[in-house]
Amino acid sequence: PVDTHVFRVGTRLGLFRPKGSLEEAHDELLRLADPGDAYEVHVALIRHGRRTCGARSPDCPACPLRRMCPYGREALGLADR
């Protein structure tokens, strides 16, 4: 299942619809991840959401995904580059 951290990170990365349901996000995550990697992807997104991509204070400058993340690119003023 998709929790709040996975949903937040996935939405910021553009993987999930912002107004989509957790069930839709779960189905999309299963579609995107290799079946053998789904659990590891899930855990990695939770960890990233807790450590770097917080709800109120995402650390976009330190984020290893910042160049591929629409939210991070916007936050860092890189959106047009």
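Structural remarks
- Projecting the Cα atoms of Ser21, Pro1, Cys63 onto the dipole axis of the chain, where Lys and Arg carry +1 and Asp and Glu carry -1 at the beta carbon, places Cys63 farthest toward the positive end.
- Given their separation in residues at 0.36 nm each and the Cα-Cα distance between them, Asp59 and Lys19 gain 12.1 nm when the chain is fully extended.
- Gaussian network model of the chain, springs between alpha carbon atoms under 10 Å - residue of Pro35, Pro61, Pro70 with greatest fluctuation: Pro35
- Gyration tensor verdict on segment 4-75 (Cα atoms; rounded if a/c is under 1.5, prolate if a/b is larger than b/c, oblate otherwise): prolate
- Highest-MSF residue in the chain out of Gly14, Gly54, Gly36 [GNM, Cα springs under 10 Å]: Gly36
- Charge dipole magnitude, Cβ of K and R +1, D and E -1 - the chain, Cα centre, debye nearest 20: 460
- Local electrostatic count, Thr11, Cβ distance below 10 Å [Lys/Arg +1, Asp/Glu -1]: +4
Taken together, the values in this text are just the output of simple stated rules run on the coordinates, not laboratory data. Just so we're clear, the structure is a prediction, and the values are computed from it rather than from any experiment. All Cβ positions, glycine included, derive from the backbone under ideal geometry; neighbour counts span all protein chains shown.
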